[in-house]
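Data block below; observations after.
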Amino acid sequence: MSAHRPLAPTGRAQRRAHPIRSAVAVAACGVYCWATAGLRPFTVPIDVGVALPAAVVGVLALWGSGDRDVPPAAENQPTLRNGAPWVAVFGLLAAWEALAYVSSPRRNHPTLSSMANTAMGTHAGRAALFAIWLLLGWGLFVRHEARG
Amino acid sequence: MSQRALTLAGYAAIASGAVVYQSVTWVRHSLTLGRFVRWLIWGRARRVLFLLGWAWLGWHLFARGNATFPG
């Protein structure tokens with residue numbers, strides 16, 4: 001396995017969603033994010049608001065996921081050379097975060113959590129972060145894309 | 001440079017490095033972040049583990065978060 005060898009093309013899913021249906025789905029998700037962002041923590045409504053999409057993603061991710069249990073093609077598996085930079089990026093991020101976490105005051109040493117809290121100080125910011133969280137889950141666990 | 005600016009610059013530098021490497025791998029059709037993550041969560045056990053981590057993150061941030069917000 002040589003480093004940086006071109007990988008097998010992954011392609012895109014052949015089927016294309018209907019544009020109107022997609023727009024309605026996006027709008028519905030936006031409304032859901034906005035509504036959920038207005039709920040207070042430590043209450044039953046927000047518990048349900050977070051648990052519901054998590055459960056949907058969980059079911060969709062595990063339902064009929066047999067094809068995803070097939071190991072990726074050798075060309076799509078990381079080598080020491082092309083995988084190490086990603087490990088380094090996440091390692092550096094974790095180290096920098098840890099350094100900020102043990103330092104004080106927090107204002108001078110912001111952590112990712114404290115920055116997220118700042119962003120969530122407004123309804124719009126909270127809704128945006130909630131949408132990003134949903135997109136992350138959908139993209140990671142549900143979205144069917146041709147795999148190499 | 002203030003301590004705060006230095007800390008933020010560190011995050012920005014790491015993010016920039018990730019964007020640059022992602023661009024390089026994308027152009028070379030090499031191991032992009034997407035492919036790396038897909039390999040990372042390959043297999044039912046790993047997928048369940050990461051799924052639980054993602055669900056916990058949402059729970060931690062939104063259901064048990066302490067940010068001030070209207071409502």
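Per-residue answers, yes or no, for (1) at pLDDT below 90; (2) at the interface with chain A (Cβ under 7 Å from one of its Cβ atoms); (3) touching a helix residue (DSSP H, G or I) at 6+ places or on another chain (Cβ under 6 Å); (4) within 24 Å of residue A:141 (Cβ to Cβ):
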{"residue": "B:24", "(1), (2), (3), (4)": "no, no, no, no"}
{"residue": "B:41", "(1), (2), (3), (4)": "yes, yes, yes, yes"}
{"residue": "B:55", "(1), (2), (3), (4)": "no, yes, yes, yes"}
{"residue": "B:60", "(1), (2), (3), (4)": "yes, no, no, yes"}
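From the list A:116, A:95, A:124, the lone residue that is among the small types (Gly, Ala, Ser) and open to solvent by less than 50 Å² (accessible area, probe 1.4 Å) is A:116.
Checking the stated criteria, residue A:58 turns out to be facing chain B (nearest Cβ under 9 Å), farther than 30 Å from residue B:5 by Cβ and not aliphatic (A, V, I, L, M).
Listed here are the residues, each with its yes/no results for (1) at pLDDT 95 or above; (2) open to solvent by 80 Å² or more (accessible area, probe 1.4 Å); (3) of a type in the set (S, T, N, Q).
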site	(1), (2), (3)
A:3	no, no, no
A:14	no, yes, yes
A:18	no, yes, no
A:24	no, yes, no
A:58	no, no, no
A:61	no, no, no
A:69	no, no, no
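Name the single residue that is surrounded by the fewest Cβ atoms within 10 Å (Cβ to Cβ) among those in region B:8-56 being part of a helix (DSSP H, G or I) and basic (Lys, Arg). Out of the qualifying residues, it is B:46. Given the structure, is residue A:107 closer than 28 Å to residue B:15 by Cα, in contact (Cβ under 8 Å) with a residue 24 or more places away in the chain and open to solvent by 50 Å² or more (accessible area, probe 1.4 Å)? So residue A:107 does not fit the description; no.
Can you tell me which residue among A:78, A:110, A:105, A:72 is assigned to a loop (DSSP other than H, G, I, E, B) and more than 8 Å from every other protein chain (Cβ to nearest Cβ)?
Step by step, each of A:78, A:110, A:105, A:72 is checked, and only A:105 is assigned to a loop (DSSP other than H, G, I, E, B) and more than 8 Å from every other protein chain (Cβ to nearest Cβ).
Residue under question is residue A:85, and the condition is that it be farther than 19 Å from residue A:139 by Cβ and assigned to a loop (DSSP other than H, G, I, E, B); does it hold?
When the stated conditions are applied, residue A:85 does not pass them.
The values are calculated or read from the model by the stated rules, or taken from the named source; none is laboratory data. It should be emphasised that the depicted structure is a prediction, and the values quoted were computed from it without experimental measurement. Cβ: placed from backbone, ideal geometry, glycine included. Neighbour counts: every protein chain shown. Ligands, DNA and RNA are excluded from the accessible area calculation, which covers all protein heavy atoms including side chains. Shrake-Rupley method; radii C 1.70, N 1.55, O 1.52, S 1.80 Å.
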